[in-house]
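Student: Below is the structure I would like to discuss, written out as structure tokens.
The values are calculated or read from the model by the stated rules, or taken from the named source; none is laboratory data. Note that the structure is predicted; figures quoted are calculated from it, not measured. Note: ideal-geometry Cβ built from the backbone for every residue, glycine included; neighbour counts use all protein chains shown. The accessibility values were calculated without ligands, DNA or RNA, using every heavy atom of the protein model including side chains. Shrake-Rupley method; radii C 1.70, N 1.55, O 1.52, S 1.80 Å.
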Amino acid sequence: MPPGFSPRRFFILLLLQLPVFALAWAALRTVPAPDPDWRWPALALAILAGLAAAAYGGRMRNGAEPTAVQPPSARPLDGSVDQQQALLNHLKVGVVLVGPEGEVRIANQILQQLFSLSPQEARADSLPHLLRHYQFVELWRRSMQSGLPQSLTAEVPQSRRHLSASVFPLRGALEGQALILFEDVSELRRLETIRRDFVSNVSHELRTPLTSLKALTESLRAGALEEPEMARRFLGHIETEVDALSELVSELLELARIESQQVPLQLQAADASAIVARSMERLRLQAERAGVSLGADLADRLPQVLADPSRLEQVLVNLIQNAIKFTPQGGSIRVSVAPKDGALEFAVADTGVGISLDDQPRIFERFYKTDPARNKVGTGLGLAIAKHVVEAHGGRIGVESKEGAGSRFFFTIPVAAQPLTNP
């Protein structure tokens, strides 16, 4: 038995905590939760009830009158308070217990991260001074006036996070107080934006060829079919639109497989110079038709890379195709490979129109196009696929560009264990 342990004191503390837990449970049950998943409020309230009971027991042992739950700056009265406060600090949501006048009774540490609070700001004793966000303070006031739970999602400018706040007015022994929970939903917001943009972009990319196909078929049905020359021309347009749809569907499936890691890489020691040569050869005729010169700058005695040659060639072809598309007649494109920090850096530089600083952070997103009015060719998926392929190799991809002065796309691939020896 540990020194100083008293069975009588232990059972008294246990009995002291049971009514408080029961009151907390009853209070929570009388409050209709705005969200079916209310595990966090139940857990936070249970911990707060434990803190209250522990504080009560500690006061009784010291012969003092029991007081309300102590603010976070107060010294804990015994070890159990420390443990339960530590448990509050490990919750993934911010927890604040607010008194009737807006005084902060309890606050856990994650609030400091969620609101970007300094250590001094985190010790504020009133809700407005602690949160410094009028929407959340007004949410608490509305909830206390109505006696009903209230919820709100808003952005916190100082931390640039989107927080979902829920206020729960308490009943019974905790009448007049409120429990406020804050959950960081920034990542959910970002994913929702990506999903919404994805649906919008897919709809747009499908609508254009389908509208064209409908117009062409209606023209054929209206009489163009009887004119062989016009019919052949319309059928050629139909074939072009069908090819565009097939390319879109193929690239969507390809991207989905790569993102879900359903396309295993066939990694091997590969000759970087040979991969570059094959990629350039595939696009040399396209570059000549566009009036753009295509050349290479390769360092001597390049080491082999650990890569899937076909996938690496896919990335280079995509980057060179983009360079041809956005480089005016008379411009040039240079493909280079050089060692860098234990890897090989592949780069495709052009003298084209360049990319604005605002567009560069989003250039590798699915369907993102720098100038939709001018950039009507392609699906907008090529750079997203290239990014996933490079990252699957353990490399990184990026862009350096200045509007009107060309672009330089680069990516790194780890070198293989054995270097390539020239004869």
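Student: Within the range 314-339, can you find the residues that are open to solvent by 10 Å² or more (accessible area, probe 1.4 Å), over 21 Å from A405 (Cα atoms) and within 29 Å of the chain's Cα centre (by Cα)?
Tutor: Q314, V317
Student: Then there's this: Which residues, taken from the range 258-281, are modelled with pLDDT of 90 or more, assigned to a helix (DSSP H, G or I) and open to solvent by 50 Å² or more (accessible area, probe 1.4 Å)?
Tutor: Within the range 258-281, A277, R278, E281 qualify.
Student: Same structure again: Could you check the range 86-119 and list, in sequence order, the residues that are under 20 Å from S186 (Cβ atoms) and of a type in the set (G, A, S)?
Tutor: If the condition is that a residue be under 20 Å from S186 (Cβ atoms) and of a type in the set (G, A, S), then G94, S116 are the ones that fit.
Student: Follow-up question, since we're still on this one. Among (1) open to solvent by less than 40 Å² (accessible area, probe 1.4 Å); (2) more than 21 Å from A386 (Cα to Cα); (3) not in a helix (DSSP H, G or I), where does A231 come up short?
Tutor: (3)
Student: Here's another thing I want to ask about it. Under 9 Å by Cβ, and 6 or more places apart or on different chains, what pairs join a residue from the range 328-347 that is among the β-branched types (V, I, T) with one that is open to solvent by 30 Å² or more (accessible area, probe 1.4 Å) and not in a strand (DSSP E or B)?
Tutor: Hits for this filter: I333/T351; V337/S273; V337/A299.
Student: Being open to solvent by less than 50 Å² (accessible area, probe 1.4 Å), of a type in the set (A, V, I, L, M, F, W, C) and either closer than 28 Å to A154 by Cβ or assigned to a helix (DSSP H, G or I) (or both) is the requirement here; does L213 meet it?
Tutor: Answer is yes for this residue.
Student: Scan the range 340-358 for residues that are on the phi > 0 side of the Ramachandran plot and open to solvent by 20 Å² or more (accessible area, probe 1.4 Å) and jot them down.
Tutor: D341, G342
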